[in-house]
Structures are given as structure tokens and as C-alpha cells.
Amino acid sequence: MGKALIIAEKPSVASDIAKALGGFKKLDDYFESDQFVISSAVGHLLELVPPEGVEAARGKWTFKCLPVIPPHFDLQPIDEKTEKRVKQLTKLIKRKDVSELINACDAGREGELIFRNIIRYTKARQPIRRLWLQSMTPAAIREGFASLRDDASMQPLSDAATSRSEADWLEGINGTRAMTAFNSKEGGFYL
């Protein structure tokens with residue numbers, strides 16, 4: 001029988017879940033019982049990057065280089081610290097005895113994005129269920145596990161999170177470069 005890997009958004013939440021469910025042993029940066037493995041992100045671990053060759057050449061930004069609209073986005077760890085956490089989560093996701101994933105990130109769009117980016121980056125294929133908590137009391141955690149949501153019901157929130165993230169990237173990169181090109185069209189940069 002396989003185990004479910006529970007991925008929380010923060011280490012403190014992983015610890016609270018382990019205490020509420022009981023029967024866990026602490027190993028390195030995760031908890032394990034007969035039924036579950038619990039680990040966590042530390043907030044956002046991955047950032048959007050355009051695929052190779054989409055970015056304009058370095059140098060002066062001009063209007064002819066705009067807009068920057070990649071055909072898709074890739075993901076990469078934000079820094080060395082987050083890369084270490086991503087590697088640990090990848091190792092747990094790829095364990096042969098992990099047959100299910102439970103998203104225990106914060107209830108809302110950002111929590112959904114953090115989890116979905118991890119799943120996308122690691123190419124996880126296990127079935128997914130969602131722990132949706134409005135309170136972190138032990139009773140609320142146990143009640144949440146008694147009524148996990150199915151993945152299909154969370155897909156609209158996942159789509160909204162991805163859309164918002166990509167829109168922010170597109171607006172930021174194109175807005176910044178457009179204003180830089182506009183303000184430097186006479187040879188210098190003017191506020």
C-alpha cells in the first residue's frame with residue numbers, strides 16, 4: 001500500500017499537520033508515518049522564465065523588441081536555497097511508495113500556485129487531492145483530512161493562479177521595457 005505525500009506551504013504548517021494527525025516520526029526536513037509523508041515548500045520556490053531564445057538581446061530596449069510574449073513559460077528555482085528545497089520535494093515525489101499527493105498549501109490562489117508549480121516542475125503524475133483549511137486547530141486539520149477535495153474541483157483555482165502569475169510577468173516585462181524605451185528615445189533616460 002502506498003503513502004500520500006502531503007505538501008504544505010510552510011514548515012510550521014507541516015509540523016502542525018503532523019501533530020494533529022499523530023503517529024509521525026521526524027526525518028531530516030520531513031515527517032513520516034505508516035500512511036503519510038509530510039513536507040513543505042517555504043513559500044514560492046519557483047519562478048517563471050521564458051524559454052530559451054524568446055528574450056530580446058541585451059542592450060538598449062526599443063519598441064521594436066516589444067511585446068515580449070513567450071509561447072509558454074518554463075520554471076526554475078528562485079535561488080540556491082529554494083533549489084535545495086525543490087530537490088528534496090522532487091526526491092519525495094519520486095519515491096516508489098508515494099502513490100498520492102495532497103496539496104496542503106494555504107487555501108487560496110497563491111497556495112494553489114505554489115503547489116501546482118512544484119507539481120509541474122517535478123512532472124509528478126500521482127493523483128492529487130486538496131486539503132482546504134480555514135483554521136489550523138488540530139480539530140480543523142482532522143476535519144479537513146476527513147473531507148479532502150478532489151483535484152477536478154480545484155482546477156478553476158489552479159487556472160486562475162497560473163493566469164494571474166503569467167499576466168503579472170507579461171505586464172511587468174512589457175511595461176518596464178516600454179517605459180524605458182519611451183523615456184530614453186532621445187538618447188538619455190528621463191523620468
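With the biggest extent put first, the Cα atoms of region 46-156 measure 58, 29, 25 Å across the principal axes.
Antiparallel beta bridges, as assigned by DSSP with both residues in the chain, represent about 45 percent of the total such bridges. Listed values [x] 20.2, 69; [y] 24.3, 92; [z] 16.7, 52 include one computed from this model; for Rg and Dmax of the Cα atoms in Å that value carries the label [x].
Gain on full extension, evaluated as 0.36 nm per residue between ARG109 and ASP97 minus their Cα-Cα distance, stands at 1.4 nm. Probe radius 1.4 Å, ligands and nucleic acids ignored: give me the carbon and sulfur share of the accessible area of the chain as a rounded percent. That fraction is 54 percent. Less than 5 angstrom separates the built amide H of VAL98 from those of LYS3, all sequence-distant by 5 or more or on a different chain. Rolling a 1.4 Å probe over the protein heavy atoms gives region 1-103 an accessible area of 57 Å² per residue.
Between ARG142 and ALA160, the modelled labels are 3.2 nm apart [label points 7 Å from Cα along Cα→Cβ].
The values are calculated or read from the model by the stated rules, or taken from the named source; none is laboratory data. The shown structure was predicted, so the numbers you read here are calculated from the model rather than taken from an experiment. All Cβ positions, glycine included, derive from the backbone under ideal geometry; neighbour counts span all protein chains shown. To get the accessible areas, we keep the full protein, side chains included, count just its heavy atoms, and leave off ligands, DNA and RNA. Shrake-Rupley method; radii C 1.70, N 1.55, O 1.52, S 1.80 Å.
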